[in-house]
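The values are calculated or read from the model by the stated rules, or taken from the named source; none is laboratory data. It should be emphasised that the depicted structure is a prediction, and the values quoted were computed from it without experimental measurement. Quick reminder, even Gly has a Cβ in these numbers, built from the backbone with ideal geometry, and neighbours come from all protein chains shown.
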Amino acid sequence: MNARKPRAQKTDSLELRIWLRLLSCTNVISRHLRRNLKNSYSLTLPRFDLLAQVGRPCLGPSLGELSRRLLVTKGNITDIVARLESENLVERRRDEMDGRIQYVFLTETGHELLDEILPAHNKWLRELLRGMSRQELSTLYEALGVLTAALKRNERRQIDEAVGCGINDADNAANPATDSEPAGK
């Protein structure tokens, strides 16, 4: 007889349920955008994301800055930029002071493509979210802003604590008097 393991009691935390819901929403939206970008423009979502970042109002970002913005490795960025460059959508320019740094700019063709895609992209998002009222969308936007701010504060606090521990440990190793009374007393 094959005994089934008893099902675990439902102990999912609210935080876990929120995480799973956010992930589910991200997956649905990403799938929709991927499909439309591929069908309408023969473009992958990572290539579109890079074009959109390069097309932002600031001067051409460096490869490192793109890596930070898109949360992918510099190697991935270099590969995507090379492919977009071969399609004459972006160009790289070396920093005049430090030749190791490369900045990425849209070409005229890249500008034209992005100008065509952005309205379609916004239309696709509106279609996906049309089941929500403007008020619900505004409330969600505000709640996600609160979530983002809380996550960033927590991340900074964790980094500060980690750095603080490292600095204190190094200070204590170099100056054993820090754990006791001040030197000279």
Subject >> Selected residue (only one of Leu51, Leu66, Leu84 is touching a residue at least 40 places away in the same chain (Cβ under 8 Å) and crowded, with 17+ Cβ neighbours inside 10 Å) >> reply: Leu51
Original post:
Restricting to the range 129-144, what's the tally of residues that are surrounded by 10 or more Cβ atoms within 10 Å (Cβ to Cβ), more than 21 Å from the chain's Cα centre (by Cα) and either under 13 Å from Asn36 (Cα atoms) or of a type in the set (D, E, K, R) (or both)?
Top reply: 1
**OP:** Considering only the range 5-85, give the helices (runs of 4 or more DSSP H) lying wholly within it that have at least 1 residues that are outside the structural domain of Thr107 (by TED's automatic domain parsing).
**Re:** 14-41
Original post:
Within the range 21-32, how many residues are within 16 Å of the chain's Cα centre (by Cα) and surrounded by 12 or more Cβ atoms within 10 Å (Cβ to Cβ)?
Top reply: 3
Subject >> Some residue of the range 92-109 being surrounded by 10 or more Cβ atoms within 10 Å (Cβ to Cβ), in the same structural domain as Val54 (by TED's automatic domain parsing), in a helix (DSSP H, G or I) and modelled with pLDDT of 95 or more >> reply: yes
Original post:
If the Cβ limit is 8 Å and pairs must be 6+ apart or interchain, which residue in the range 130-143 that is in a helix (DSSP H, G or I) pairs with which residue that is surrounded by 10 or more Cβ atoms within 10 Å (Cβ to Cβ)?
Top reply: Leu137/Leu129; Leu140/Met132
Original post:
Does the range 77-89 contain at least one residue that is at pLDDT 95 or above, under 16 Å from Leu63 (Cα atoms) and acidic (Asp, Glu)?
Top reply: yes
**OP:** Select from the range 33-48 the residues that are touching a residue at least 60 places away in the same chain (Cβ under 8 Å) and loosely packed, with under 15 Cβ neighbours inside 10 Å and list them in ascending order.
**Re:** Ser40
